[in-house]
Each structure stands twice: as C-alpha cells, then as structure tokens.
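K.L.:
Please read through the structure below; I'll follow up with questions.
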C-alpha cells in the first residue's frame with residue numbers, strides 16, 4: 001500500500017465521520033459540506049477498502065442537509081405565521 005492509498009482511505013473515513021456530524025443542528029451544515037468535499041476527494045480508480053464508509057458518509061451528509069433545511073424552513077414558517 002502506498003501513500004496515495006492511505007490518503008484515499010483517510011479521506012473515506014473523514015467523509016464518514018463528517019457525515020455523522022452533519023445531523024447535529026447548526027454545526028451540521030458545515031460538516032455536511034465538508035463531508036461532500038471529502039467524498040469528492042476520494043479516488044474512484046484505485047482500490048479502497050473504506051469505499052462503503054465514503055458512500056455512507058455522503059448519504060448521511062445529504063440527509064443532514066435535508067434535515068437542516070427542514071428545521072430552518074419550519075422555524076421560518078413558524079416565525080412568519082406567528083408574527
């Protein structure tokens with residue numbers, strides 16, 4: 001295994017951890033964007049045993065962004081409707 005493979009595995013695990021953190025309110029927006037960036041930084045042409053973690057991380061990031069958007073939308077609608 002060379003340094004490129006180690007970097008790819010590290011990026012995949014970073015994507016997963018940031019994806020997990022993306023469901024935390026407010027902070028999750030930044031973590032979700034960082035997770036997506038880490039996923040885009042993983043190499044798809046080389047062997048990567050942590051590829052599942054990268055895919056799961058980007059799915060969690062997308063779910064986190066959807067959750068954050070829903071929370072903000074509900075808060076804004078509540079604020080606008082109540083006055």
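K.L.:
Can you tell me which residue within region 45-55, out of those that are out of contact with any helix residue (DSSP H, G or I) (no Cβ under 7 Å at 6 or more places or on another chain) and under 22 Å from residue 65 (Cβ atoms), is surrounded by the fewest Cβ atoms within 10 Å (Cβ to Cβ)?
P.N.:
Per the criteria, the residue is 52.
K.L.:
Further question on the same structure: For region 43-62, name all the residues that are assigned to a loop (DSSP other than H, G, I, E, B), free of Cβ contacts under 8 Å to residues at least 40 places away in the same chain and within 10 Å of residue 12 (Cβ to Cβ).
P.N.:
43, the sole residue that qualifies.
K.L.:
Identify all residues within region 67-83 that are part of a helix (DSSP H, G or I) and over 14 Å from residue 27 (Cα atoms); write none if there are none.
P.N.:
Answer for region 67-83, where residues must be part of a helix (DSSP H, G or I) and over 14 Å from residue 27 (Cα atoms): 70, 73, 74, 75, 76, 77, 78, 79, 80, 81, 82.
K.L.:
Select, from 13, 33, the only residue that is at pLDDT 90 or above and out of contact with any helix residue (DSSP H, G or I) (no Cβ under 7 Å at 6 or more places or on another chain).
P.N.:
33 is the lone residue from the list that is at pLDDT 90 or above and out of contact with any helix residue (DSSP H, G or I) (no Cβ under 7 Å at 6 or more places or on another chain).
K.L.:
Is there a residue in region 21-42 that is more than 17 Å from the chain's Cα centre (by Cα) and either surrounded by fewer than 11 Cβ atoms within 10 Å (Cβ to Cβ) or assigned to a helix (DSSP H, G or I) (or both)?
P.N.:
Within region 21-42 (the criterion being more than 17 Å from the chain's Cα centre (by Cα) and either surrounded by fewer than 11 Cβ atoms within 10 Å (Cβ to Cβ) or assigned to a helix (DSSP H, G or I) (or both)), the answer is no, since none of the residues qualifies.
The values are calculated or read from the model by the stated rules, or taken from the named source; none is laboratory data. Bear in mind that the values here come from a model prediction, so they are computed numbers and not experimental data. Ideal geometry is used to build each Cβ from the backbone, glycine not excepted, and the neighbour counts take in all protein chains shown.
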